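What follows is one structure encoded as structure tokens, with my remarks underneath.
The values are calculated or read from the model by the stated rules, or taken from the named source; none is laboratory data. Here the structure is a predicted model, which means the values were calculated and not measured. Here the Cβ positions follow ideal geometry from the backbone for every residue, glycine too, while neighbour counts run over all protein chains shown.
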Amino acid sequence: MKTNFFLTSLIIVLFSITANSQITKGNWMVGGDGYYSSSKSGRVDGSGEYTPWHFTINPNIGYFLKNKLVAGTVLDMKFSNFSGRYLLSPFVRYYFLKPDKVYNVFSSINAGYGFISSKNNQGNTVVSDFGLKVGGVVFLNSIVGLEFSINYSKTYQENIKNDFRTGKRDNINIGFGLQIHLEKNK
């Protein structure tokens, strides 16, 4: 009963907010998203299992080139129990609905380049990454947007010390984020 009341109240509040989003030409967008993952894996040599964990945070900044179109950059930082990854990724994002909506749908693409610093002294690994993100945003007011997204990326890695390609990886994850939209001075 309490859950139904809470969900109904939340839906009423979200659809009754009258916020104008700031996704118009000349405005800035500052924010980011993040996620955590963990898995259980078997060692290649068969000597047992290990549990890698990953925490990713992606602060970003962007500028609206025209209404609903923003270009910017993301600092992609991924930390785990065996390495740290740092990429600088320019992105382009487009919002599909009108700027005066309380909610919107977006899609963005990015391409990044950076490195992985290994904790087991295997040297740095060069990384290139290409990504696609689709999602939705609910504007809590005219400045703050709460986002959820599905992210796909293809990552290529090459180890500098050992001079061999360490592989490519396809990744799919769900992200949650917060964006601050700063209105241009009039």
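Taking the criterion of being under 19 Å from Asn171 (Cβ atoms), in contact with an Asp or Glu (Cβ under 8 Å, 6 or more places away or on another chain) and modelled with pLDDT of 95 or more, would at least one residue in the range 88-106 satisfy it? Yes, the range 88-106 contains at least one residue that is under 19 Å from Asn171 (Cβ atoms), in contact with an Asp or Glu (Cβ under 8 Å, 6 or more places away or on another chain) and modelled with pLDDT of 95 or more.
Applying the condition of being in contact (Cβ under 8 Å) with a residue 12 or more places away in the chain and out of contact with any Phe, Trp or Tyr (no Cβ under 9 Å at 6 or more places or on another chain) to the range 97-141 and asking which residue is farthest from Asn81 (Cα to Cα) yields Asp100. For the range 125-146, a residue qualifies if it is crowded, with 18+ Cβ neighbours inside 10 Å and within 18 Å of Gly114 (Cα to Cα), and the qualifying residues are Thr125, Val127, Asp129, Gly131.
Residue count for the range 32-46 under the criterion of being at pLDDT below 75 and either surrounded by 14 or more Cβ atoms within 10 Å (Cβ to Cβ) or not in a strand (DSSP E or B) (or both): the result is 6. The number of residues in the range 71-121 that are in a strand (DSSP E or B), among the aromatic types (Phe, Trp, Tyr) and more than 14 Å from the chain's Cα centre (by Cα) comes to 6. What are the residue pairs meeting all of these: first residue in the range 82-96, first residue more than 14 Å from Leu132 (Cβ to Cβ) and in contact (Cβ under 8 Å) with a residue 60 or more places away in the chain, second residue in a loop (DSSP other than H, G, I, E, B) and hydrophobic (A, V, I, L, M, F, W, C), Cβ atoms under 6 Å, and 6 or more apart or on different chains? Close Cβ pairs satisfying both conditions: Tyr95/Ile23. So in the range 157-186, with the set limited to residues that are modelled with pLDDT of 90 or more and more than 14 Å from the chain's Cα centre (by Cα), which one is surrounded by the fewest Cβ atoms within 10 Å (Cβ to Cβ)? Ranking the qualifying residues of the range 157-186, first place goes to Leu182.
Looking at Gly62, is it within 26 Å of Gly131 (Cα to Cα) and either hydrophobic (A, V, I, L, M, F, W, C) or at pLDDT below 90 (or both)? The answer is no for Gly62. For the range 47-60, the set of residues classified as surrounded by fewer than 17 Cβ atoms within 10 Å (Cβ to Cβ) and in a strand (DSSP E or B) consists of Glu49, Tyr50, Trp53, Phe55, Ile57, Pro59, listed by residue number.
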